[in-house]
Amino acid sequence: MAMKKRKRWTRKQKRLLFIWGMLALPLLQWLIFFVYVNLDSILMSFQTMNYKTGAMEWTLNNYKRFFYEWNALPQIGNAVKNSLLAGLNNLVLILISLVLSYFFYKKIPGRGFFRVVHFLPSIISVVIYTMVFKFMFDTSVGPINVILQRLGVNAANLPGWFGDTKLAFPLVLLYCLWVGTGYNILILGAAMENLPEDVMEYSRLEGVSRTRELFQIVVPMIWPTLAVAILGSVTTVFTLFIQVDLLTEGGPGGASQTIAYLVNGLIKGANADLEWGAAMGLCFTIAAAPCIVVIKKLLDKIGEHFGC
């Protein structure tokens, strides 16, 4: 009886098996945690509980409620305002990171020390840094108030910081500036390290000022990296949550809520309303998508102008 020949895998088959084996887990995660979750959220947004029958009904009530409460409830408008301020704050953060990266690139004295100081918040747990930052502004034992008192400020006139409706969210923005520079400095600094030495040497020989060199030579050459950072700051408008949750929990009186925090609050807790939260999240997503596309197109146009 002739022995059956063992089937041999060809090189192409082995290559395909390896590729699909590596892609299987990420693809499965994408299908479950992105496609399924988002599809389920979209379907959920069109459902409303009928408390008479105890069954879910397919309606547009959640969307009607969104547009009604936009005018009726101040927290939605306040959350949108805070989120827009967070996006502008991130643009300021990128500008600060750009300038710092440039000075580190120019090998200023002590740049190694300052680079470590700025990068530390990016590698230490966000929970630790929020605790430190919150303690600094503690009205009872925080060092900020202690310093102000020693400078002659009356204890009765000391700010309430996180307990003040006018100061709570600005402090969140200040925290974002404090901890956000490290990552951007790392990315922008790496882009600057790859700049052509001959171009930078020619700039130095021509006596170009540092301000002009940064904005007319360096920025155009690192524009693809800078554009990604700017686009990321735009998405912050719709995603800023963890900083608010850890520092203020949306308070006082909802003064520091953002879009992401507001939606998250609707789907958590004993009074969670998943359908209403899903509808609100989808409405903000529909509003965000064209904005991000337009800004991406604008950044691409600027890149074309720079020859990127």
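Looking at residue 53 and the list (1) outside any helix (DSSP H, G or I); (2) closer than 30 Å to residue 176 by Cα; (3) open to solvent by 70 Å² or more (accessible area, probe 1.4 Å), which single condition is not satisfied?
Condition (2) is where residue 53 drops out.
With respect to residue 110, is the statement that it is open to solvent by less than 60 Å² (accessible area, probe 1.4 Å) and of a type outside the set (Asp, Glu) true?
Working: open to solvent by less than 60 Å² (accessible area, probe 1.4 Å): yes; of a type outside the set (Asp, Glu): yes.
When the stated conditions are applied, residue 110 passes them.
Might you check whether a residue that is of a type in the set (A, V, I, L, M) and either at positive phi or under 25 Å from the mean Cα position of the chain (by Cα) (or both) occurs anywhere in the range 44-62? Full working, then the answer.
Residues of the range 44-62 of a type in the set (A, V, I, L, M): 44, 49, 55-56, 60.
Imposing the further condition that a residue be either at positive phi or under 25 Å from the mean Cα position of the chain (by Cα) (or both) reduces the set to none.
No; the residues of the range 44-62 include none that is of a type in the set (A, V, I, L, M) and either at positive phi or under 25 Å from the mean Cα position of the chain (by Cα) (or both).
Which condition from (1) open to solvent by 40 Å² or more (accessible area, probe 1.4 Å); (2) within 27 Å of residue 254 (Cα to Cα); (3) of a type in the set (S, T, N, Q) is the one that residue 154 breaks?
The one condition residue 154 does not meet is (2).
Which one of these is of a type in the set (Val, Ile, Thr) and open to solvent by less than 50 Å² (accessible area, probe 1.4 Å): 123, 94, 128?
94
So, restricting to helices (runs of 4 or more DSSP H) that lie completely within the range 138-251, which ones have at least 2 residues that are closer than 19 Å to residue 303 by Cα? I'd like the intermediate steps shown before the answer.
Values: elements: 143-150, 168-193, 197-205, 210-213, 223-239, 242-247.
It comes to 168-193, 210-213, 223-239.
Which one is nearest to residue 81 (Cα to Cα) among residues in the range 288-297 that are surrounded by 13 or more Cβ atoms within 10 Å (Cβ to Cβ) and hydrophobic (A, V, I, L, M, F, W, C)?
Residues of the range 288-297 that are surrounded by 13 or more Cβ atoms within 10 Å (Cβ to Cβ), as a first pass: 288, 291-292, 295-296.
Now restrict to residues that are hydrophobic (A, V, I, L, M, F, W, C): 288, 291-292, 295.
Details: 288: 14, 291: 16, 292: 17, 295: 19 Å.
If we take residues in the range 288-297 being surrounded by 13 or more Cβ atoms within 10 Å (Cβ to Cβ) and hydrophobic (A, V, I, L, M, F, W, C), then 288 is nearest to residue 81 (Cα to Cα).
Assess whether residue 94 counts as being assigned to a helix (DSSP H, G or I), among the hydrophobic types (A, V, I, L, M, F, W, C) and either under 17 Å from the mean Cα position of the chain (by Cα) or modelled with pLDDT of 90 or more (or both). Break it down into steps so the answer makes sense when it comes.
Details: assigned to a helix (DSSP H, G or I): yes; among the hydrophobic types (A, V, I, L, M, F, W, C): yes; either under 17 Å from the mean Cα position of the chain (by Cα) or modelled with pLDDT of 90 or more (or both): yes.
Against the criterion (assigned to a helix (DSSP H, G or I), among the hydrophobic types (A, V, I, L, M, F, W, C) and either under 17 Å from the mean Cα position of the chain (by Cα) or modelled with pLDDT of 90 or more (or both)), residue 94 qualifies.
Output the residues belonging to the range 238-254 that are open to solvent by 20 Å² or more (accessible area, probe 1.4 Å) and among the aliphatic types (A, V, I, L, M).
242, 246
If the requirement is being without any contact (Cβ under 8 Å) to a residue 24 or more places away in the chain and closer than 30 Å to residue 129 by Cα, which of these qualifies: 263, 208, 199?
Numbers: 208 fails: closer than 30 Å to residue 129 by Cα; 199 fails: closer than 30 Å to residue 129 by Cα.
One residue alone meets the criteria, 263.
The values are calculated or read from the model by the stated rules, or taken from the named source; none is laboratory data. Please read all numbers here as calculations on a predicted model, not as lab measurements. For neighbour counting, all protein chains shown are included, and Cβ atoms are generated from backbone atoms with ideal geometry for every residue, glycine included. Each accessible area value is taken on the protein alone, full model and side chains, heavy atoms only, with ligands, DNA and RNA left out. Shrake-Rupley method; radii C 1.70, N 1.55, O 1.52, S 1.80 Å.
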